[in-house]
Structures are given as structure tokens and as C-alpha cells.
1. For chain B, just the Cα atoms, rotate onto the principal axes and tell me the three extents in Å, largest first.
2. Can you compute the FRET efficiency between residue B:9 and residue A:209 using 1/(1 + (r/R0)^6), with r the Cβ-Cβ distance and R0 = 56 Å? Round to the nearest 0.05.
3. By how many nm would the segment from residue B:302 to residue B:37 lengthen if fully extended, with 0.36 nm per residue of separation less the alpha-carbon distance?
4. Using bins 5 angstrom wide from zero, how does P(r) for the stretch B:86-202 break down, in % of all Cα pairs?
5. State the three equivalent ellipsoid semi-axes of the stretch B:4-47, derived from the C-alpha gyration tensor as the square roots of 5 times its eigenvalues, in descending order and whole Å.
6. By what distance, in whole Å, do the Cα atoms of the protein assembly as shown stretch along each of the three principal axes, largest value first?
7. With only alpha-carbon atoms in the gyration tensor, what are the semi-axes of the equivalent ellipsoid for the stretch A:195-330, in Å, largest first?
8. Using helices alone, I'd like the mean residue ellipticity at 222 nm for chain A: each DSSP H run of four-plus residues gives -39500 (n - 2.57), total over residue count, nearest 500.
DNA sequence: TTGAAAGCGCTAACAA
DNA sequence: TTGTTAGCGCTTTCAA
């Protein structure tokens, strides 16, 4: 593992000259350059990126933290950030936050201690006051969910409007008793989507019935029994709106086995190939990731420039078959 | 951004004492410690991880490089590596290699220059001689595909055996003309799986017909037309073996629309929920990732220990419905 | 128990 | 065009 000093000694020049050659500084005689390059080759010299990084005071790395890398939605965000980072010659440090909110702070802080060039985070908590001090020095952009108790850039989708439209769509198909499936209301996205659901009911002068709301059904068995309950006499649902990806993946097998009208927030692979194909409100995770990463670089380049803090992307209804399943007992 | 020196000045001690406090060195008087901690708090001191890293000569980071982060198979590998790395207090630097083999070398070398603690790679090329020099200093483990022209740890699955079994399974279901779908034979995994396919045919004394092999059908339209060709009079296939995930995802919609017997290499989300549900040879990407990461740490801890270079994990047939679809014209 | 000195590998700033 | 000096923030000697 030769160092620059060793190359310099070998070539009979100073380390600084080696550094110049390495950085394509024009103020090096071609002969000197050739000589140094020869020495580099002979010694198998490879620059130590850690030293450069340390010297520069900022590491050419953007962090991305998402709840779950295996969820295609978050994978697409990470992928987009990485693409954008690559264009700026930056690498990407990825972390899964998991679904335990307690992990968020330690994980993010350990990333930030590395003097990242920026951080994109899809948070799992609602209080980000602890990032206050960090965000003064490192650009932080939120995706999917906006931060709580912190002023920072956020790129989200129209959760409320999308949920409203997805619910209204079921109402248009003649449903009057519509179940709501969601992970947990502690997540602002889910809370917003429940609001949208209620707005759609209100707009159609339908009552809001808490018995129609089933939370936490994120596993297949959980979703299956939630569905049984929703279809049962107490709730009497003839349709369901699944408000997040985990619930959707969990409930789809049950819907396939015992069809019931369904719309889901978030598109997913093969949604169009299932029987029935699933009508969804499509988000655009790649756009979220691209925008967030781009904003990081923009903030770094122009610290003074004033930019909108909140960007809400539209969502789009993709109508497929699952919304057309009629109620078992016609109204 | 206070430094250790500033904290030391503020507390009236030497930087080394601050360092001791930070590293829980027992040789610090409780009073001194309390005093230093007080100063750290007052100055909002946060250790600069880059400096520590630089000083130590090795960064507490494992690299993971996969062709495509959005593919659940690779996402699961990354996830597993990350989990394992976390247990060793290491972070994870993730890179997508993409499907262009030319990107592999520059991308991997730029990761390695950072003095990683280790690297897990699912390669896209077949020649890894360029990693020779690196692998002497940094543990490198291959997953999914073994390296070419390089001695390194590799964790792969039984590509040939799995393909043989998946093909034999179709033969057992009475098929005599079985199509082979695959990305490109330049990938050793696909080449191996084609071998397995041929072995199954040979074992059943069925002829191998190149007309039954369709490569590169990785998009939906591509897969659909490949399927049309395979079912056509020239090839006359009554069943298909899809040898990799990209082809499987591309061909499944066509199979759903116009059923034909199918087995696929690699399980995927909702494979059991499609109509027909898809019979697969399941790999275990999480195991691959865990094993590879564990090996990295093992090599780092015991550089001399001799360990097997090649680990081949078994694959398991998950029988579902798609293998049971009969030939249109009974033989 | 504490501190002083030195240096990890590289590169700005300045000098020659 | 090339070299010297100095230092990024931390930690490892070694000495006090």
C-alpha cells in the first residue's frame, strides 16, 4: 500500500508534485508527469480516498435512510437518490431504519457524524427536533413524510387528496360501506389518508363509522382476519381502501381468494397481473428520490437561495379491475 | 462545529484527556471526566467520524454492489448484509451496478479506494482479475455469481441442480417440448441453468432443440413475443422454464393472459397469489447476504484461517399451480 | 492519572 | 514549474 510520499521519493520529486499529477494540475512538465506516473505504476499506487476526504472536510457521500429497503417503493427512492448522486460523483450510504421508531435517531446521527454531503430520509418518527443542529451544517431532505418540529425540505405525495379520490372512486362504483386499512395512525401519511377517506365519505354524505377502520393489519393472517371482520355483520363493508403498501401486500391474497372491491394507495409490481388486477393511486417514488437528491445539491451550491420547503407531488389513479367488484348483496 | 481541541481548551485539559473520556478509558478521574463531559455538552461537541476513520486507517463501512436494487432478490441481499454489518457496528455503502458490465470496474474501484472493511458484490462481469490486488488487502465476497479469474469467497446457489429439477418437474407433468427463457448466456448463472435444463432433457431422453431457447426477453413485450414464438409451430413448446427473475417478471403477465405451464428460477412477492400461482425454485437471498457478510468479518478477524472458497446453497422447489397447466393438444 | 509530541495521507497557501 | 510548511481531527506512543 504505497503512499504519495513513497511515490514522491521513488520519482525523486516532492509529494506535492505527485498530488499535482494526480489532480491533473496543468503546472507540471510533461516529463515530470510521465516520470511520476511511471513511479505510481511501479509501486501500484492507489490514492487513499479517506485521506482526501478527511482533508477536504466533507465526504463525497449522500446518506439515504428508509424504513425498509425490500419494499419496492423505498427501493425506488434509494435507487433514484443513487442515480442523482452518481451524476455528482457522490456515493450513497444506505441504511434501513426498520419499523421501530426508536432506531431512527441513533442511526441517523451515526450517519451524520460522517460529515455527509447530504441526507435523504424517509422517517419513521414524527419528532425531528434532534436534527435541528445537524441541518444547519448538512442539507437534509425528507421524502414520503414531512419532518415534525423541524424546518427542512420535504417531498411528499398528496396523501389526503389521493385517499379522497381512491375512496370516492369506490363510492362511484356504488359502495356505501367502505373499510379503511392502514398500518398505524401515528404515521402522518396514514393519518392524512384517513382524513382523505373521511372527506370522501362526507362529500357523499356517508357516515364515518370507526368499525370500518382496521389498523395494524400488516401481515397476511392479520389482514385476512381484518377483512373477515370488515365484511362481517358489524361493519358490513362491501369495499376496502388499503392505505399503505404493507397492508396492501398483506391483504391482496385474501382479496384474491374472496373478492371484494379494493383500491390501494401505492402501485406495486404485478398489480396489473393479479386476478383481479388492483386499482391503485400511483405514487412516484423515483421522482421523490430524484427531487430530494437534487435539492440537496442545490442547497449545497447556493446556501442562501430561498426555495420552497414543501413539495407535494400529485398521485394518479390507475383504474384496473379490483374497484369494479360488486357488493355481494345489491343495495 | 467544535473540535476536540476546543473542548480540551474549554475544560482546561489536554486533547488526549478528552479523547480518553470519549473512548471510556478508565484512567480518568471521575471529576475530570465530569468536567470534560460538561464542556462537551456546552460546546455541542460531536466527534468527527471522518478523522477517527482516517486515523484508524480503515473505515467502518462494508460495501455492497448489486446489479439492481429494485429487484427484490438483490434488495434482500443488501438488506441481509446491512443487518449483519450493523451487528458489527459497521455501515453499509450501497451501489447499483446496473446491467452494463462496463460500469462494474470503475464503480467497485471507487468503493475500494475508501479503505472499506469489506465488500460484497453480485457481479455483472465474468473477469475479476482487476480485483486481485485489492483482495489482498480488503476481504471481498461474491454472491449469486462466483468470480472469474480470481480466488475469492463466493456464495452461490445450485443453479444447475435447481434448473435441472425445475425442468424435470415439467417433464414429470408430461411436457416434452419445454422452452427456456433467460437473460443472456454471458452470465454464468444463466449458462449454468441452461446446462441444468439440458441435463434434465437428456435424463428424460428428450432432444435439445435450440429453437426452444429464447434469450434476452427481459421486457414485457419482448417476453410476450418470445412466448408466441415458443408456442408457435417451429418450437412447439407446451411449457416454459424461466431461468431468471427479470425474464420471469416480464413473462408472467403473458402467462397469466394465455396460460402455459411454467416453472421459474427464483421466488418473488405474490408469486403464490397470481392466477395461476407460479411454481418456483426458491433461492435464499437473505442467507446469501448473511453468509457473505459474516465471511468478511471472519476473514478480517482471522486472516490466516483457511475456509472453503465456494459455498453453494441449495434451492427448493415450491410447487404451485403454474406447472400443472396441461399442454393444449394432449400428446 | 494526565500531557506532549508526533503523525495518519493528503493538499492549500505560499515561497522559491 | 516545483518545493516547503503547515494542518485537517484524532489517537498512539512515551514521558511526567
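1. The Cα atoms of chain B stretch 91, 38, 30 Å along their principal axes.
2. Working: r = 65 Å, r/R0 = 1.17.
Result of the calculation: an efficiency of 0.30.
3. Taking 0.36 nm per residue and subtracting the Cα distance, the gain is 91.7 nm.
4. Result returned by the calculation: 2, 10, 18, 19, 15, 11, 10, 7, 5, 3, 1, 0.
5. Numbers: eigenvalues 41, 20, 18 Å².
Whole-Å semi-axes of the equivalent ellipsoid: 14, 10, 9.
6. Answer, in whole Å and largest first: 81, 68, 48 Å.
7. Details: eigenvalues 242, 61, 38 Å².
After scaling each eigenvalue by five and taking roots: 35, 17, 14 Å.
8. -13000 deg cm²/dmol
All of the numbers you see were taken from the coordinates with simple rules; none came from a lab. As the structure is a computational prediction, the values presented were derived from the model and not from experiment. Because the Cβ atoms are built from the backbone with ideal geometry, glycine has one as well, and the counts that use them run over all protein chains shown.
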